[in-house]
Each structure stands twice: as C-alpha cells, then as structure tokens.
Amino acid sequence: MAVEPKGELPLRGEVDIVASRQIVRQLCVELKFSLVDQTKMITAASELSRNTVVHGGGGRMRWEILDEGMRRGLRVAFEDDGPGIPDLSLALTDGWTSGGGMGLGLPGSKRLVHEFDVRSAPGQGTCVTITRWK
Ligand SMILES: Nc1ncnc2c1ncn2[C@@H]1O[C@H](COP(=O)(O)OP(=O)(O)OP(=O)(O)O)[C@@H](O)[C@H]1O
Ligand SMILES: [Mg+2]
C-alpha cells in the first residue's frame, strides 16, 4: 500500500491509532529511514495519536514528506479541538500526568525527533508537530 506524500487521517479511537502507526511506518520506509529511525518516529506518532484520542477527545493526524533538495524528512501534526494543555512545561515534564498515565508520552516523543512544536491553550485545542530528517 503506497501512502500519499501528504494526507490526513481522523483519530477517534484505537483502530485509528493503529492506522496512524501503519501510515507513519510506510512513510518512513518510502523515505528509506533506518529501522532505528523508523521505530523512533513510529513510537512518537503512536504516543501523540493516543494523546489526541485520550486527552483531546479525538482529532486528526496530518502528514507531509518534506523535500528540500539537500534533505528529505517527515513532518506529522496531531491536532484536536479538545480542552488544551494549561501548563505546557508541566506537561513536558517526565512522569507528569493529569490522570492514570505514565506521563512519558509527550516528553518521550520530544526526545525521539529532530523538531518538536506544541501549540495549545485552555479551551483552544492542541497541535503537536514532529519532524524527523533522513
Ligand atoms: N492532546 C492533548 N489534549 C489535552 N491534554 C493533553 C494532550 N496531550 C497531552 N496532554 C496532557 O499532558 C499530559 C502529559 O502527556 P503524556 O503523554 O506525557 O502523559 P500521559 O498521556 O498522561 O501518559 P502516557 O505516559 O501514558 O502517555 C497528559 O496527562 C495530559 O494532561
Ligand atoms: Mg500520553
């Protein structure tokens, strides 16, 4: 199954989280990422998809293969219109969770990618964008 270089997937439940992993894996294969780098990107995408579903009440994943001539990469955004994150630096602290989790999804994802951007405000939803270059 070939995945378009740019696209969007709704994230509503567990099945979509699995689909997001499969799409990111396929994109990493198309970009010829090493197995280790594939795993990094898939793990980050999986955590962020889960946050979108669990904390954001559902949303969408948008992806884009970046081609700058000299370098290629993969950028994936996880967006929702949920409650937002009131304190970003707290949410990015290892082990901090607002409820039953391990509190490692957000800070762990940040360490697995080259670029990490979070936009969120209470009542305004959340958008986390990750990028990994080849
Ligand atoms: N999309 C989101 N919308 C609202 N709050 C979020 C979102 N993503 C993360 N958060 C908040 O940030 C906290 C930290 O997220 P993180 O993924 O690190 O931990 P967790 O989801 O609680 O546990 P886990 O280790 O299982 O992922 C969450 O507990 C939640 O309060
Ligand atoms: Mg999480």
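The values are calculated or read from the model by the stated rules, or taken from the named source; none is laboratory data. Keep in mind the model is a prediction, meaning the values are calculated, not measured. Counting neighbours? That spans all protein chains shown, and the Cβs are built from the backbone with ideal geometry, glycine included. Calculation scope for accessible area: heavy atoms of the full protein, side chains included, ligands and nucleic acids excluded. Shrake-Rupley method; radii C 1.70, N 1.55, O 1.52, S 1.80 Å.
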Evaluated at 20 °C and 1.002 mPa s, the Stokes-Einstein D of the chain based on the Kirkwood radius over Cα pairs, in µm²/s, stands at 145
Taking the chain and counting helices only, DSSP H stretches of n ≥ 4 at -39,500 (n - 2.57) each over all residues, the nearest-500 ellipticity at 222 nm comes to -11500 deg cm²/dmol
With the 8 Å Cα cutoff and a minimum separation of six or more residues, the range 69-109 has a relative contact order in percent of 25
With +1 at each Lys and Arg Cβ and -1 at each Asp and Glu Cβ, the charge dipole magnitude of the chain around its Cα centre, to the nearest 20 debye, comes out at 380
The range 1-106 accessible area per residue, 1.4 Å probe, protein heavy atoms, integer Å², reads 55
The equivalent-ellipsoid semi-axes of the range 87-127, taken as the square roots of five times the Cα gyration tensor eigenvalues and listed largest first in whole Å, are 16, 15, 7
Given 108-120, 61-73, the highest-first ranking by average Cβ count within 10 Å works out to 108-120, 61-73
In the chain, whole DSSP H helices that both stretch 24 Å or further along their axis by alpha carbon positions and average at least -1.0 on the Kyte-Doolittle scale are 14-30, 35-54
Excluding ligands, DNA and RNA, the carbon-plus-sulfur percentage of the accessible area of the chain with a 1.4 Å probe reads 53
Net charge (Lys, Arg +1; Asp, Glu -1) of residues whose beta-carbon lies under 13 Å from that of Arg119, Arg119 excluded, is -4
So the FRET efficiency between Val36 and Ser98, C-beta based with R0 = 30 Å and rounded to 0.05, is 0.45
Length gained, Met70-Glu4, 0.36 nm per residue minus C-alpha separation, equals 21.7 nm
So, relative contact order of the chain in percent, Cα under 8 Å, 6 or more apart, is 25
